[in-house]
1. Is there a residue being under 26 Å from Ile287 (Cβ atoms), touching a Gly at 6+ places or on another chain (Cβ under 9 Å) and among the β-branched types (Val, Ile, Thr) anywhere in the range 150-162?
2. I'd like the full set of residues that are closer than 20 Å to His228 by Cβ and within 16 Å of the chain's Cα centre (by Cα), limited to the range 51-67.
3. Within the range 303-334, track down each residue that is in a helix (DSSP H, G or I) and either buried (at least 24 other Cβ atoms within 10 Å of the Cβ) or touching a strand residue (DSSP E or B) at 6+ places or on another chain (Cβ under 6 Å) (or both).
4. Any idea which residue in the range 8-23 is farthest from Cys366 (Cα to Cα), counting only those that are surrounded by 16 or more Cβ atoms within 10 Å (Cβ to Cβ) and touching a residue at least 60 places away in the same chain (Cβ under 8 Å)?
5. Output the residues belonging to the range 287-310 that are away from ligand 1 (no atom under 16 Å from the Cβ) and farther than 16 Å from Ser230 by Cβ.
6. Mind checking which strands (runs of 3 or more DSSP E) fall wholly inside the range 22-81 and carry at least 3 residues that are at pLDDT 95 or above and among the hydrophobic types (A, V, I, L, M, F, W, C)?
7. Name the residue that is nearest to Pro344 (Cα to Cα), counting only residues in the range 360-381 that are in contact with a helix residue (DSSP H, G or I) (Cβ under 6 Å, 6 or more places away or on another chain) and crowded, with 23+ Cβ neighbours inside 10 Å.
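The values are calculated or read from the model by the stated rules, or taken from the named source; none is laboratory data. Just so you know, these numbers come straight off a predicted model, no measurement behind them. Using ideal geometry, Cβ is built from the backbone for each residue, glycine included, and neighbour counts are taken over all protein chains shown.
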Amino acid sequence: MKTLIQGGNVVLKDRIEKCDVLIEDGIITGIGSGLEGDEVIRASGKTVIPGIIDMHVHLREPGFEGKEDIASGSLAAVAGGVTQVCCMPNTDPVCDNAVVVNYIINRAKQVDLCKVRPIGAITRGEQGESLADIGKMAQAGIVAISDDGRSVMNSNIMRLAMEYASDFGLKCLCHCEDKTLVDGGVVNEGYNSTLCGLKGQLRAVEDIMICRDICLSRSLDIPVHICHVSTYSGVDIIRAAKADGVKVTAETCPHYFALTDDIITSFDTYTKVSPPVREERDRLAVIEGLKDGTIDCIVTDHAPHSKKDKEVEYNLAAFGMSGIETSFAVSYTYLVKTGALTLPELMRKMSYEPAKVLGLEGGEICEGGVADIAIVDLDADYVVDGEKFLSKGKNTPFNGCRVWGKVLKTLVDGKVKFDAEKL
Ligand code: DOR
Ligand code: ZN
């Protein structure tokens, strides 16, 4: 069957063109005007974007299904225009062996919404002490390794992980946090932490590990990817390393370019995240890093938590924000509407670059490419209400914020997996 997305403003790699997109057997077979299909999706006045590839997501299954599971997380993903997610291994049991990898892949196939690509742990149990079964996980289909949620503090283990992973063509995704320097900090250390009487974390908590992992990458000549960059100084370090030819790539999240730590003065635990939301200087530097190519990708670090884990005092609350349903709208509102990036540039950060960093399919609307596509209405605005999320995690810091860019339909391999009209 031929499906035609008709008359939309189609976001191609470097421009937007009003045209049709023809899909056959899950592949884009035509881009142009006057094309014909058996099934027609009218997109006139709407925008057709490449399906978002969110390479940093916590789906929580197995083990923490009260926070999220593969079904609810996949549904939230397609509702956010996301067609492919890479899920982090800090589950229970930790995804540090092929059995858990196979479980996730099989469960995602049953759910059959977005594509789910597991990330394996670097160390057994994410304990930082001995390497996980990276080879067997590679055979089972992981797309990267990470101990996300914590750093591998032992530099020699990190070195071995990078060397071993690179033999399998896999990258290390580095959560950068010097555990010895955190010392109970729960927010960014600065004016607002003092004002609120909350213990702060220095930027150096993050920057030290960014430096360490860049040093390893440089010495070994092995590519490395820095997760969720939040500090102005981290952006500077990565920029300098790239200019020096180090094979480093980096990602940031919507909360780091849309928010500052002014939000913590509400004491709302939905503002608690690791790394913490920082100051205006950092927010502007993150945007500058996105503009000049220092930061390659936008991901969510979607970290759904239950009410029980958030409705406690600030110091005891879990770190993390539920972000997959708002990432497009928040990014469009804070980066494109402000003129920082064009829409094609934004979609490269949200789709093409993640695919490139991890060697995944998809990432652009082009003839011969997979038909992973979302249709959005850029003129539609709404006020974020986490209670309406399809994710089990209602923990968004954007409650009450007005954003632009509503996801109308999401197609995975040419099949409609989300339709806002049918909600
Ligand atoms: O805030 C966070 N939450 N940061 C992480 O790195 C992990 C995540 C989680 O798993 O909840
Ligand atoms: Zn992390």
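1. Checking the range 150-162: not a single residue is under 26 Å from Ile287 (Cβ atoms), touching a Gly at 6+ places or on another chain (Cβ under 9 Å) and among the β-branched types (Val, Ile, Thr).
2. Listed by number, the residues that qualify are Ile52, Ile53, Asp54, Met55, His56, Val57, His58, Leu59, Arg60.
3. Ser327, Phe328, Ala329, Val330, Ser331, Tyr332, Thr333
4. Gly8
5. Lys291, Asp292, Gly293
6. 27-32, 52-57
7. Out of the qualifying residues, it is Gly363.
Here's the yes/no breakdown for (1) within 20 Å of Cys401 (Cα to Cα); (2) in contact (Cβ under 8 Å) with a residue 60 or more places away in the chain; (3) of a type in the set (Phe, Trp, Tyr); (4) touching a Ser or Thr at 6+ places or on another chain (Cβ under 7 Å):
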| site | (1), (2), (3), (4) |
| --- | --- |
| Pro275 | no, yes, no, yes |
| Arg283 | yes, no, no, yes |
| Glu288 | no, no, no, no |
| Tyr334 | yes, yes, yes, no |
